[in-house]
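Notes follow the structure.
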Amino acid sequence: MEDASANESNKDGSVNKSENSISVAAESASIDMSIPSSADESVDKIYIVNIREEMDNEKDLPLMSNVKDIHISHYILQLKCLMETREMIGHVTLFRCCDQARCRECTKNRTFNQKVTANSKCSKIRASQEKKNKFNIQRIESEHNYIDVFSETTMVPDQVSKSLSDHSYNCADMICAQQSSLLNAKHSSASCNKTSNMQSINSVNVTDYADTGISLADTLENSPNDFKMILDCCDIEVDYVEELDMPLYMFKDLVENNHNKSLYENLTLVVRTLGKLKWEYGKHSVSVWKEGVKTESHFPGVIRIHYRTKPTGQSLKWTLDQDEKWCVFTHGHWINNRSFFPSQDSPAAMATWQAEIEVQKDLTIVMGGDYNEMVSKSDEDGWKKEYFNSRMEMPSSTLSLAIGYWGFVTIPLRYKKGELYRKPCRVVGPKSILCQSITELRDYIPVCLGEVNNILGPYPFPRLDVLIVPPCFDSLGMASPCVIYIAQSLLAGDCSMFVRIAHEICHSWFGLVIGPKDWTEEWLTEGFCTYVEDILHLNVKQEKGICDASEAMAEKQLRMYLKYKTLQNELLTTSADLQTLRPNKDNTGATINFVKDGMNPDKRFLQVHYLKGYFLLCYLESFVGLDKFLRMLHSYVITFYKELVSSKDVISFIFNVLPELRDNGLTEEKVLADWLDKPGMPEVSLLRMSYPTEGSRKRKRKLNMKPKLEDLAPLQLVLFLEILLEDEKIPANQLVNIRTRYHMMSQNADVQHRWCELVIKHKVQKFYQDLREFLLNHQAMGVYLYGEMVLSGCKQQKKLAEECFNTLKDHMEPDPYSTVKSMVYGT
């Protein structure tokens, strides 16, 4: 799941069409917040209320975890999948990043006035090493709640430290799982979740505790100034939280050297429970604290949260697959993995992880992780446990899991005259779909991995699983480390839809191993992938002998034109704020408690960030040529590997590597201002971006050659139907002839989508069955059509839309469900 990330976060666009009908139907109201109006209120109080207002806007994704103050370096998931009840039960163990030098000091003398050493490892993930460990609690009274605020002006009295628990956690034995990556070292202070200790505590205290049984007054009375670790979390039932005495170095040694034992057996050798911790829910979080512990340095090094997921949690989708069997998968919803497990869900909160998943023995598990670390064990009672381990630090939003009654086929990754690409690869999916599609995927994926190696370098993960997801999946593709989800709509039989697979493979670099500091700058992942996808896909076609170089150039230009038409349509129907690629501009280092429009349903179906970012890169390429621009991209991947970047970082890098851009009158400031900080698109020549700087005449003649109508390729058919859609009236008999000549419902899903648009626009009742078939079989691409059917004014079309929605609604993902319901019923 791409960063989050992931998170994104980061999916391929489902429809190459403007979603204007969606924008009208999908409304999200912000929560009404009461703002005190007394003239003598303090600035701090007003600021806190403003933060509450911003973070409770339902269109924004809250960033609640206080990662600046405490950082989780390692997660251990131990879960049992219960298909019958649609839930996961078990626990997650969290290891906080611990400063070894500080912990030795703590072991000798547990006091609050210890100085922190200048060379502390944890400085890599905390914003400042100079922050004092001397806090005084202040109470600011707001209109409704008491809010705790830490002050750094006075020392906590000695008697407070004496109230700590008698047992001491042996911090000297605790070390980090790994040195924090360069990503954490350089960019944690500028992360989206950068927040002061005061704001982190406030973010949980101002939420509604009505559903938890814990009153705010009781919280303040019992532990008014205890340090709290805040985790991003929602729709999870926590049973209890406990502190563990388990040194990480000892655990890692046992696990990494005893692969034949289950994770549970390894843990029982070293784990000792030290007692239960306090915890409470916030609206988007769960907070954990230990009574008497006032600072992060004395917070437990290892805690375990026992919990169960809810069937309605939006991070896990429980549904029927194409064989009518139950399955579950993480589907990259905009809340990321927050209803899967509690975590620090922000770009800079990088961690390693391990997982032991218990399922019935006839189920298949698809999960990321290191290939050699996976162990399977079957029990006599019909259950089995599979173990996964990732030693690469990644955001929690990128962790992916899917479980179903599926088969798999291993693909030999050979390309270019028998050369072996040494990465294990499987195609996984329902057995009926797998049998139909394995030949198509086996022909494409090995060549694609080989060609992307020539452009961006070796595939950055140790293995690859390609999962064919159930029909309800609301996107055409999604990438996470080691796993790519693809919709059945891509399986046209001729690889004509596989440019989306190329797009998802590109996310392994743009989005997973290189992520944005600010999640609102999606063009840094989607724009780059959209730029490389065409080059990669056409290289594959040439390598397979499907087309020659001139035909590939003609197809690239045609794809660019179709993208341009889509972008033009979206710019006309999209609000200005959603057209801006860098909404926070240079303020990524400031305190940000939420991702603006991170949960905006209008944004979910838009491709502005994909396409506007794509055209920016095409524009810059036009000044230096394709070969030189691709060499720059390869250098970019090497330079920023495992790091977070901002738009400014990227543009500065491009200008430094390609000085020719300045020679042509471009400046970094102008590019940022014209392309990223404004809505719309600059006035540039599409023709300039369409042709290379050398040898363009020959390719122009190739492009202008008119193919015979009977020989139109799928992409040419898309353009043909796009042109027909611009006509106000087409006789019904002509549409009948078009459908017959081109066998429309046997074409790929892109062609079928345009055909269905024609049927809707011209109300051709004879072909309404085509609409029904498309909506049922290509749910990721059908949302736009529901809106068009309702807006057509045709009662039969509206009735058909209602019938299809009612057939699918029980298995729809949450946001398509709410959007289509709003379209069909106006609620």
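The values are calculated or read from the model by the stated rules, or taken from the named source; none is laboratory data. This one's a predicted model, so the numbers in the text were calculated from it and none came from an experiment. So basically every Cβ, Gly included, is an ideal-geometry build from the backbone, and we count neighbours across all protein chains shown. To get the accessible areas, we keep the full protein, side chains included, count just its heavy atoms, and leave off ligands, DNA and RNA. Shrake-Rupley method; radii C 1.70, N 1.55, O 1.52, S 1.80 Å.
Does LEU791 count as of a type in the set (A, V, I, L, M) and modelled with pLDDT of 95 or more?
No: the conditions fail for LEU791.
Hey, which of the strands (runs of 3 or more DSSP E) in segment 330-403, taking only ones fully inside, have at least 2 residues that are in contact with a strand residue (DSSP E or B) (Cβ under 9 Å, 6 or more places away or on another chain) and among the basic types (Lys, Arg)?
In segment 330-403, 383-395 are the strands (runs of 3 or more DSSP E) which contain 2 or more residues that are in contact with a strand residue (DSSP E or B) (Cβ under 9 Å, 6 or more places away or on another chain) and among the basic types (Lys, Arg).
When only residues in segment 481-503 that are surrounded by fewer than 24 Cβ atoms within 10 Å (Cβ to Cβ) and at positive phi count, which is farthest from the chain's Cα centre (by Cα)?
GLY493
Could you tell me how many of the residues in segment 313-332 are polar (S, T, N, Q) and under 13 Å from HIS811 (Cα atoms)?
3
Which of the residues that make up segment 426-459 are touching a Lys or Arg at 6+ places or on another chain (Cβ under 9 Å), part of a helix (DSSP H, G or I) and either basic (Lys, Arg) or over 20 Å from HIS507 (Cβ atoms) (or both)?
ASP443
Scan segment 464-485 and give yes if some residue there is part of a helix (DSSP H, G or I) and either in contact with a helix residue (DSSP H, G or I) (Cβ under 6 Å, 6 or more places away or on another chain) or farther than 30 Å from HIS743 by Cβ (or both), otherwise no.
No, segment 464-485 has no match at all.
Has segment 753-763 got any residue that is within 22 Å of PRO470 (Cβ to Cβ), open to solvent by less than 20 Å² (accessible area, probe 1.4 Å) and part of a helix (DSSP H, G or I)?
Yes; the residues of segment 753-763 include at least one that is within 22 Å of PRO470 (Cβ to Cβ), open to solvent by less than 20 Å² (accessible area, probe 1.4 Å) and part of a helix (DSSP H, G or I).
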